[in-house]
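See below for the structure under consideration.
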Amino acid sequence: MTDTMRAIVLDAPGPPDALTIRELPVPTPAAGWVLIEVKAFGLNRSELHTRQGLASGVTFPRVLGIEAAGVVAQCPGGEFAVGQQVATMMGGMGRTFDGGYAEYTCVPAGQVIPFASDLEWSTLGAVPEMLQTAYGSLTVGLDAQPEQSILIRGGTSSVGMTAAILAEQWNMTVLSTTRQASKAAALTNIGVDHVLIDNGHVAPQVREIIPVGVDTALELVGTPTLPDTLHSTRQHGVVCFTGMLSNVWTVRDFYPIDYLPRGVRLTAYHGEAEDLPQPVLQEFLDAVADGPAAVPIDHVYGFDQIVEAHTAMEASVRGA
């Protein structure tokens, strides 16, 4: 192992080309921390918000990246064996301490999840935060149960597609939205029962399929579609607000009695690595390897293409 590594550094908020690649010392892990040789990392909208200066509690310069997949390089506390495949996410990565946009990252042992897989690293790198968010939304946010129905608003996002895969495994009836009819096949291919073309008002379509409304709903688009998602849900049903694909975060002049349909429950989810049990990660990776599940990946970028990757991510947000 060398003493230096390549890392993608943000000195201050700015446009995509504010991300620069430079040589930094490889971090030295203290007891209770794990040094991971990063093999791949996913891109997340929260990193876009950090780059744009919208995230709180961030100090600069900073190596971004709220997740990574790789192998243990050093573990002074002995929690994991050197060479063990691991995933890590959240816990302050890329915000309060340097994250996964590097050849090595150093994180607390409590946010490291071991696994064993022969999948390509480009696939494994896309899984940690995507699966944690989808699984946490279904369990912590919705308390979803087998045989229930679910509406996934923003269904062709990576989290939306992963949530649909999990829900299908739980024998739920899955309704999922897309704004583009050309993407409907991608949803039916992963087991979605009913694809809804989202024109901003899908509640009438939902009620045609399930007249009383769905049992659960996962809101990934954001506050612009949240009222319609609430009206798609049955009395005593639950809506979980998890995503903001629209980049609109707040509800102006929120008056609960007027905003919330009678008896419909609204929750929210944002989580940590502890919300993703190790067996769930392993079972998902095994299902991907065996064929029943898939990892939705839009594009694979090289390390040197980080500016191009952030430019594309920013464009997708503007077009959401």
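When residue 286 is tested against (1) more than 16 Å from the chain's Cα centre (by Cα); (2) assigned to a loop (DSSP other than H, G, I, E, B); (3) among the acidic types (Asp, Glu), just one condition goes unmet, and that condition is (2). For region 114-159, name all the residues that are small (Gly, Ala, Ser), over 15 Å from residue 90 (Cβ atoms) and in contact with a helix residue (DSSP H, G or I) (Cβ under 6 Å, 6 or more places away or on another chain). Selection gives 117, 144, 154, 155, 158. Residues in region 73-103 that are in contact (Cβ under 8 Å) with a residue 24 or more places away in the chain, outside any loop (DSSP other than H, G, I, E, B) and within 26 Å of residue 308 (Cα to Cα): 87, 88, 89, 93, 102. Scanning region 262-302 for residues that are farther than 19 Å from residue 160 by Cα and touching a strand residue (DSSP E or B) at 6+ places or on another chain (Cβ under 7 Å) turns up 262, 263, 264, 265, 278. The number of residues in region 21-49 being touching a Leu at 6+ places or on another chain (Cβ under 8 Å) and over 24 Å from residue 109 (Cα atoms) comes to 1. Considering each residue of region 263-288, count those that are open to solvent by 40 Å² or more (accessible area, probe 1.4 Å), more than 22 Å from residue 230 (Cα to Cα) and at pLDDT below 95, and give that number. So the answer is 2. Could you look through region 23-57, keep only residues that are of a type in the set (S, T, N, Q) and part of a loop (DSSP other than H, G, I, E, B), and pick out the one that is least open to solvent (accessible area, probe 1.4 Å)? For region 23-57, the residue satisfying everything is 44. Scanning region 58-72 for residues that are open to solvent by less than 60 Å² (accessible area, probe 1.4 Å) and assigned to a loop (DSSP other than H, G, I, E, B) returns 58, 64, 65, 66. Mind listing just one residue for me: the one in region 238-254 that is among the aromatic types (Phe, Trp, Tyr) and either at pLDDT 95 or above or within 27 Å of residue 187 (Cα to Cα) (or both) and, of those, most open to solvent (accessible area, probe 1.4 Å)? Taking the candidates together, the pick is 249. Scanning region 160-189 for residues that are over 15 Å from residue 220 (Cβ atoms), open to solvent by less than 40 Å² (accessible area, probe 1.4 Å) and either at pLDDT below 95 or not in a loop (DSSP other than H, G, I, E, B) (or both) gives a single hit, 184.
Does at least one position in region 303-317 carry a residue that is surrounded by 15 or more Cβ atoms within 10 Å (Cβ to Cβ), aromatic (Phe, Trp, Tyr), touching a residue at least 60 places away in the same chain (Cβ under 8 Å) and in a helix (DSSP H, G or I)? Yes, because at least one residue in region 303-317 is surrounded by 15 or more Cβ atoms within 10 Å (Cβ to Cβ), aromatic (Phe, Trp, Tyr), touching a residue at least 60 places away in the same chain (Cβ under 8 Å) and in a helix (DSSP H, G or I).
Checking each residue in region 160-202 for being under 20 Å from residue 241 (Cα atoms), out of contact with any strand residue (DSSP E or B) (no Cβ under 9 Å at 6 or more places or on another chain) and of a type outside the set (Val, Ile, Thr) picks out 166, 199, 200, 201.
Residues in region 105-159 that are aromatic (Phe, Trp, Tyr) and assigned to a loop (DSSP other than H, G, I, E, B): 115 only.
The values are calculated or read from the model by the stated rules, or taken from the named source; none is laboratory data. These numbers come from a predicted model, not from an experiment. When we count neighbours, we look across all protein chains shown, and the Cβ atoms used for this are built from the backbone with ideal geometry, even at glycine. Heads up: the accessible areas ignore ligands, DNA and RNA and are worked out on the full protein's heavy atoms, side chains in. Shrake-Rupley method; radii C 1.70, N 1.55, O 1.52, S 1.80 Å.
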